[in-house]
Amino acid sequence: MLPTSTPLGTPNGWSSKPTYFALQGFIVLLATACFAALPAWLERAPANWVNLPNKDYWLAPERRVATLARIASTLTWFGCAALALMLTITSLVIRVNLGREPALPAAAIWALLGAFALCAGVLVMRLLYLGRRPRR
C-alpha cells in the first residue's frame, strides 16, 4: 500500500528503471505475440472451438478462409488499439517519472480508456455484423 503522504499518480520509487522497462517490454511483447498468434491459431482450430453466430454457414469450406481473414483483421485492429493504449500510458508514466508532469493526468487516462472502450465496442459490433447471415 502507498504511504498516505504520497498523492496518487505521483512517482514513488516502486521499482527500479531496469525492472520497470523489463516488465513493460515483457508485457508489450506478450500482448503483441498473443494478437499475432491468434489468427494463425484460428486457422488451425476446429470449428467447434470457434464461437461465431451462424458458425455452420460462415465456417463452411467455401467461406472459411474469407471469414477467418475478416476475424483476423478485426483481431489485428484490436491488438493495435491495445498496444497503442499500453504505449501511451507508458509514455505518460515516463513523463511523470522524469519530472515533466507533477502526476499522472487523470483526465488523459480516462480519455484514453474511453477511446479504447469505444474502439473495442466498434470492433465487437464489426464482428457481430460479420457474423450475420446474409439475406438470400
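Separation between the Arg63 and Leu87 pseudo-spin-labels, each 7 Å from Cα along Cα→Cβ, expressed in nm?
Here the modelled spin labels are 3.6 nm apart.
Taking square-rooted eigenvalues a ≥ b ≥ c of the alpha carbon gyration tensor, is the range 30-96 rounded, prolate or oblate, where a/c under 1.5 means rounded and, failing that, a/b exceeding b/c means prolate? Intermediate results must be reported in sequence, preceding the final value.
Values: a/c = 3.75, a/b = 3.16, b/c = 1.19.
Because a/c hits 1.5 or more and a/b exceeds b/c, the range 30-96 counts as prolate.
Taking neighbour counts of Cβ atoms within 10 Å as a proxy for exposure, in what order, fewest first, do Glu62, Glu101 appear?
Numbers: Glu62 6, Glu101 17.
In order of increasing Cβ crowding within 10 Å: Glu62, Glu101.
Step through the residues of the range 16-32 one at a time and calculate ³J(HN,Hα) from phi using the Karplus curve (6.51 cos²θ - 1.76 cosθ + 1.60, θ = phi - 60°), rounding each to whole Hz and writing x for Gly and Pro.
6, 4, x, 5, 4, 5, 5, 5, 4, x, 4, 5, 5, 5, 5, 4, 4
Shape verdict for the range 62-136, please, from the Cα gyration tensor: rounded (a/c under 1.5), prolate (a/b greater than b/c) or oblate.
Since a/c reaches 1.5 but b/c is at least a/b, the shape of the range 62-136 is classed as oblate.
Amide H of Leu59 versus every other amide H placed in the peptide plane: which residues, excluding those fewer than 5 positions away on the same chain, fall under 5 Å?
none
Loop only per DSSP, at most 15 neighbouring Cβ atoms within 10 Å: give me the trypsin sites (Lys or Arg not before Pro) in the range 62-112, ordered by residue number. Can you show the working numbers first?
Working: sites: Arg63, Arg64, Arg70, Arg95, Arg100; in loops: Arg63, Arg100.
Counting only loop positions with at most 15 other Cβ atoms within 10 Å, the trypsin sites (Lys or Arg not before Pro) in the range 62-112 are Arg63, Arg100.
Taking percent of Cα pairs over 27 Å apart straight from the coordinates, which label in [x] 28; [y] 15; [z] 40 is the correct one?
Only one listed value fits the structure, namely [z].
Take Arg126, project a point 7 Å from its Cα along the Cβ direction, then tell me which residues of the range 32-61 have their backbone nitrogen under 11 Å from it.
Nothing falls inside the zone, counting backbone N under 11 Å.
Output ³J(HN,Hα) for the range 73-80: one whole-Hz value per residue in order, computed from phi by the Karplus curve 6.51 cos²θ - 1.76 cosθ + 1.60 with θ = phi - 60°, and x for Gly and Pro.
Along the range 73-80, the couplings run 4, 5, 5, 5, 5, 5, x, 5 Hz.
Taking a point 7 angstrom from the Cα of Arg95 along the C-beta vector, which residues in the range 104-136 have backbone N less than 18 Å away?
Answer for the range 104-136: 104-116.
Can you give the calculated 222 nm mean residue ellipticity of the chain, where each DSSP H run of n ≥ 4 adds -39,500 (n - 2.57) and the sum is split over every residue, rounded to the nearest 500 deg cm²/dmol?
Computed ellipticity for the chain at 222 nm equals -23500 deg cm²/dmol.
None of the figures in this text is laboratory data; all of them are computed from the coordinates on show. Because the structure is predicted, anything quoted here is derived from the model rather than measured. Cβ coordinates were reconstructed from backbone atoms using ideal geometry, including for glycine residues, and neighbour counts include every protein chain displayed.
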